Amino acid sequence: MIKSMTGYGRAREMRNSRDITVEVRAVNNRYLDCTVKLPRLYIFAEDALKQRVQRAVSRGKVDVFVTVDASAADVTKVAVNRELAGQYAAALQELAEVCGPTAYKVTPEILARFPDVLSVTKADEDLDAVREDLCAVLDEALESFNRMRAVEGARLAQDIGGRLSAIEGYTGTVEARSPETVAEYRAKLTARMQEVLQSVSLDPQRILTEAAVYADKVAVDEETVRLRSHVAQLRTMLESGEPMGRKMDFLIQEVNREANTIGSKCNDVAIAQVVVNLKAEVEKMREQVQNVE
């Protein structure tokens with residue numbers, strides 16, 4: 001079933017002490033245009049996220065928003081500069097000796113107060129693991145996004161299918177009416193010639209020849225056959241699981257071209273009205289197809 005290009009999806013998950021939220025939204029666009037907005041610290045994952053989007057979406061203006069609360073994932077290391085601490089301890093002991101025979105004890109609490117004895121650093125992150133976590137949450141958001149697009153696509157398919165049925169009905173009306181226009185033309189031609197040539201006998205063969213020429217000019221059999229073929233192809237595309245928006249748009253242009261040809265060939269008022277209604281359905285269908293992926 002076809003999908004709409006417009007949609008929204010969101011996912012939030014706690015992975016490796018990171019609270020990750022991913023939102024995906026899309027609007028119509030002729031081609032795929034993906035933008036990923038990440039916190040600066042996670043910009044290294046941008047290409048991987050875009051590749052995930054490209055596997056799930058064929059066209060549309062897609063925006064991906066990623067937020068990460070990594071406060072719980074901040075792992076720090078406290079290191080002791082043993083050499084510097086030993087020097088401080090030796091210096092304190094030497095000062096104690098200068099002060100006299102009073103007892104003095106160097107304790108860790110005292111040494112910890114001196115600069116650079118203790119250093120606090122943030123542990124290195126596993127970038128590949130972080131990238132996979134971000135992609136995993138994006139996949140969940142894309143699933144939600146595609147479900148919404150599928151629901152909207154079903155509505156589009158129903159609407160387009162109804163308009164295809166209307167076009168088939170109008171095509172049948174044209175097919176039924178077209179032979180009548182030739183018969184009416186033959187009758188009018190006969191009446192006019194009888195009026196002009198009242199004292200002269202009419203040549204039936206001439207009437208048939210003129211009617212045949214007219215019938216050939218206004219024949220729309222080829223156009224209606226192509227119309228029905230295009231409608232059948234469009235119905236097949238509606239059931240396809242592949243992105244069909246561009247192909248459908250092309251076929252609708254062909255449907256419109258056939259309708260224009262029918263309108264230009266037939267000088268019949270009834271058929272002209274049918275063609276107007278047919279083209280109105282084609283235009284409405286074209287608007288809907290602009291939303292199809």
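The values are calculated or read from the model by the stated rules, or taken from the named source; none is laboratory data. As the structure is a computational prediction, the values presented were derived from the model and not from experiment. Don't worry about glycine lacking a Cβ; one is built from the backbone with ideal geometry, like all the others, and counts go over all protein chains shown.
So in segment 225-274, with the set limited to residues that are hydroxyl-bearing (S, T, Y) and at pLDDT 90 or above, which one is surrounded by the most Cβ atoms within 10 Å (Cβ to Cβ)? Full working, then the answer.
If we filter segment 225-274 for residues that are hydroxyl-bearing (S, T, Y), which is where we start, we get 229, 236, 240, 261, 264.
When the remaining residues are screened for being at pLDDT 90 or above, the result is 229, 236.
On the way: S229: 14, T236: 10.
Among those residues, the one meeting the criterion is S229.
Condition (residue is in a helix (DSSP H, G or I), surrounded by 15 or more Cβ atoms within 10 Å (Cβ to Cβ) and of a type in the set (A, V, I, L, M)) applied to segment 22-38: is it met by at least one residue?
Step one: of segment 22-38, the residues in a helix (DSSP H, G or I) are none.
No, that holds for no residue.
Out of R163, R177, R131, which single residue is charged (D, E, K, R), surrounded by 13 or more Cβ atoms within 10 Å (Cβ to Cβ), within 43 Å of the chain's Cα centre (by Cα) and modelled with pLDDT under 90? I'd like the intermediate steps shown before the answer.
Numbers: R163 fails: modelled with pLDDT under 90; R131 fails: modelled with pLDDT under 90.
It is R177.
Filter segment 58-76 for residues that are modelled with pLDDT of 95 or more and among the hydrophobic types (A, V, I, L, M, F, W, C); which is nearest to R149 (Cα to Cα)?
V62
For segment 66-85, check the following and say yes or no: at least one residue is polar (S, T, N, Q), surrounded by 11 or more Cβ atoms within 10 Å (Cβ to Cβ) and either at negative phi or assigned to a loop (DSSP other than H, G, I, E, B) (or both).
We begin by selecting, within segment 66-85, every residue polar (S, T, N, Q); these are 67, 71, 76, 81.
Pick out the ones that are also surrounded by 11 or more Cβ atoms within 10 Å (Cβ to Cβ) and you get 67, 81.
Those still in the list that are either at negative phi or assigned to a loop (DSSP other than H, G, I, E, B) (or both) too: 67, 81.
Scanning segment 66-85, I find at least one residue that is polar (S, T, N, Q), surrounded by 11 or more Cβ atoms within 10 Å (Cβ to Cβ) and either at negative phi or assigned to a loop (DSSP other than H, G, I, E, B) (or both), so the answer is yes.
If I filter segment 281-293 for residues that are of a type in the set (K, R) and touching a residue at least 40 places away in the same chain (Cβ under 8 Å), do I get at least one hit? Working first, answer last.
Filtering segment 281-293 down to residues of a type in the set (K, R) leaves 284, 286.
Remaining after also requiring touching a residue at least 40 places away in the same chain (Cβ under 8 Å): 284.
Looking for residues that are of a type in the set (K, R) and touching a residue at least 40 places away in the same chain (Cβ under 8 Å), one finds at least one in segment 281-293, hence yes.
Can you find a residue in segment 130-150 that is free of Cβ contacts under 8 Å to residues at least 40 places away in the same chain, more than 30 Å from R15 (Cα to Cα) and of a type in the set (D, E)?
Let us first name the residues in segment 130-150 that are free of Cβ contacts under 8 Å to residues at least 40 places away in the same chain, namely 132.
With more than 30 Å from R15 (Cα to Cα) added as a condition, the list becomes none.
No; the residues of segment 130-150 include none that is free of Cβ contacts under 8 Å to residues at least 40 places away in the same chain, more than 30 Å from R15 (Cα to Cα) and of a type in the set (D, E).
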